[in-house]
């Protein structure tokens with residue numbers, strides 16, 4: 001059985017982690033499948049965005065313990081996180097549709113996505129690394145603090161505070177909370193907005209946003225955006241829009 005399922009809705013690719021008996025725990029084999037699908041979609045101009053969700057009742061229960069315990073050195077441990085890093089580093093816009101519990105490394109899958117939509121009843125966010133006697137991994141604390149702040153990171157990681165969908169939205173981990181039965185369709189609709197834009201413009205803008213931590217002052221912020229903005233002004237989408245506007249203005253009778 002494939003450990004993920006994939007399908008395409010218009011210009012949106014949907015990946016579902018698909019090992020429901022293990023609550024979609026992450027394995028090395030699952031990571032390979034995620035990478036293969038993203039390789040295919042990134043090479044396909046017809047795909048403009050990605051939705052990530054889970055099959056069954058859970059989103060992702062974290063790393064498979066057999067694979068985790070087999071990690072005897074840094075390189076083997078890093079391999080456990082290849083799947084979520086592949087999602088984090090894709091130039092395609094990504095939406096997490098969190099349909100159930102996201103636990104440990106499963107939360108990394110959420111943190112890897114650009115936008116998070118959560119099921120009102122079933123979604124849960126549970127760091128749980130320390131509660132099983134292991135230090136957080138995969139950049140978990142860095143991503144969580146970058147997204148939700150110091151207090152939330154301390155609360156979830158050190159004090160085992162488990163967040164439901166509403167609380168996760170309040171702390172900035174989740175963008176929107178929706179009814180469970182409309183979660184996936186709503187996530188696809190949101191992803192379709194980004195998918196309808198130019199792929200390269202999305203990719204460059206996403207890269208600019210993800211590197212904002214390197215900016216420390218106003219002039220540097222302008223410099224950060226000026227070159228990709230100039231590039232976008234030379235692309236057909238913007239030029240055609242300007243031509244249409246100029247044509248409309250010139251065709252209006254003088255008042």
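Bear in mind these aren't lab numbers, they're just calculated from the coordinates by the rules spelled out. Predicted, not measured: the structure shown is a model, and the values here were computed from it. Reconstructed Cβ throughout: ideal geometry from the backbone, glycine too, with neighbour counts over all protein chains shown.
Brief remarks on what is shown
- Packing here is the average count of other Cβ atoms within 10 Å per residue, and on that basis the peptides 53-63, 235-245, highest first, run 53-63, 235-245.
- Helix 28-42 and the longest principal axis of the C-alpha atoms of the chain enclose an angle of approximately 10°.
- Shape class for region 133-222: oblate, because the ratio a/c of the largest to smallest gyration tensor axis (alpha-carbon atoms, square roots of eigenvalues) is 1.5 or more and b/c is at least a/b.
- Principal-axis tilt of helix 199-210 within the chain, Cα atoms, nearest 10 degrees: 60
- Global form of region 62-201, assessed from the alpha-carbon gyration tensor, a/c cut-off 1.5: oblate
- Of the peptides 131-139, 8-16, 95-103, the order by per-residue mean of other Cβ atoms within 10 Å, starting with the highest, comes out as 95-103, 8-16, 131-139.
- Rg over Rh [alpha-carbon atoms, Kirkwood Rh] for region 7-90: 1.00
- Cα gyration tensor, region 211-250 - rounded (a/c under 1.5), prolate or oblate: prolate
- Compared with the direct C-alpha span, the chain from residue 231 to residue 151 gains 24.9 nm at full extension, assuming 0.36 nm per residue.
- Mean Cβ neighbour count within 10 Å, used as a protection proxy, ranking 70-83, 213-226 highest first: 70-83, 213-226
- Degrees between helix 183-195 axis and first principal axis of the chain (Cα, 0 to 90, nearest 10): 40
- Nitroxide proxy distance, nm - points 7 Å out along Cα→Cβ at residue 193 and residue 44: 2.4
- Value of Rg to Rh for the chain (Rh from inverse mean 1/r over Cα pairs, i.e. Kirkwood): 1.04
- Inter-part distance, region 117-184 to region 224-238, computed on C-alpha centroids, equals 36 Å.
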